[in-house]
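Note sheet for the following structure.
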Amino acid sequence: MTRILPYEVEDDLVDEARATGRALCRVYRPQEVAVVLGRGGDAARELHLEAIDADDVPVYRRPGGGGAVVLDPGNVVVTLVLPMPGLGGIPVAFKAASDLVIAALAACGVPGVVQRGVSDLALGDRKLGGSCLRRERGLAHYTTTLLVA
């Protein structure tokens, strides 16, 4: 039976941003294959649990919303924790965070990335990454998983 563990990889970043009031960023490549469910995700509906169990793939639940994501060493994960005082909504927070990632990608030699819909990043007609967001008092915790390999 599949056990769903909390996805705590970014908790220290959120805690530090909350304590300092500073915007923080972490970029990392997953070292193993894992599945990460969104906060309200239904594992039985979104995942092939028999295959996950047979392959011994760990399953985690993140605090942000969105659908399930398969992480592997072919991804780069970018996490931003941004101070956002007031009542700014989810679309505003997604736009602010996506704009920062898009600018960073352009500075690294990947121009032309755009935000498509609320939470996807695209390059031309291809999806480059999907994002999730958790909004809490004074903070936006944004994570995007970029497909790089």
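All of the numbers you see were taken from the coordinates with simple rules; none came from a lab. Since the structure is predicted, the reported quantities are computational estimates derived from the model, not experimental observations. Please note: Cβ atoms are built from the backbone with ideal geometry, for glycine as well, and neighbour counts cover all protein chains shown.
What the phi angles of the range 101-110 give under the Karplus curve with 6.51, -1.76 and 1.60, with θ = phi - 60°, is a coupling list of 5, 4, 5, 5, 4, 4, 5, 8, x, 10 Hz, glycine and proline written as x. Across the chain, the longest piece that holds none of the trypsin sites (Lys or Arg not before Pro) lying in DSSP loops with up to 14 other C-beta atoms within 10 Å covers 40-136. Model label sites at Ala51 and Arg116, defined 7 Å from Cα along the beta-carbon direction, differ in position by 2.2 nm.
Can you tell me, using C-alpha contacts under 8 Å and at least 6 residues apart, the relative contact order of the chain as a whole percent?
Working: 277 pairs, mean separation 38.4, N = 149.
Across the chain, relative contact order equals 26 percent.
Other residues lying with their Cβ under 10 Å from the Cβ of Asp72 contribute a combined charge of 0, Lys and Arg counting +1, Asp and Glu -1.
Pairing the Cα long axis of helix 11-20 with the longest principal axis of the chain, what angle in degrees results, from 0 to 90 and rounded to the nearest 10? That helix lies at roughly 20 degrees to the long axis.
Principal semi-axes of the equivalent ellipsoid, √(5λ) from the alpha carbon gyration tensor of the range 67-143, are 21, 14, 12 Å from largest down.
So what's the net charge close to Leu82: Lys and Arg +1, Asp and Glu -1, counting the other residues with Cβ under 12 Å from its Cβ? Don't jump to the answer; show the numbers that get you there.
Values: positive: Arg18, Arg22, Lys95, Arg134, Arg135; negative: Asp99, Glu136.
Every neighbour counted, the sum reads +3.
With a cut-off of 15 Å between beta carbons, the residues surrounding Pro91 carry a summed charge of +2, where Lys and Arg count +1 and Asp and Glu -1.
Candidate values (1) -0.90, -0.95, -1.23; (2) -0.69, -0.79, -1.31; (3) -0.58, -0.68, -1.35 were compared with log10 I(q)/I(0) by the Debye sum over Cα atoms at q = 0.14, 0.15, 0.20 Å⁻¹ computed on the shown model; the agreeing label is (2). Of the GluC sites (Glu not before Pro) found in the range 1-91, those that fall in a DSSP loop while having at most 13 other beta-carbon atoms within 10 Å are Glu8, Glu32.
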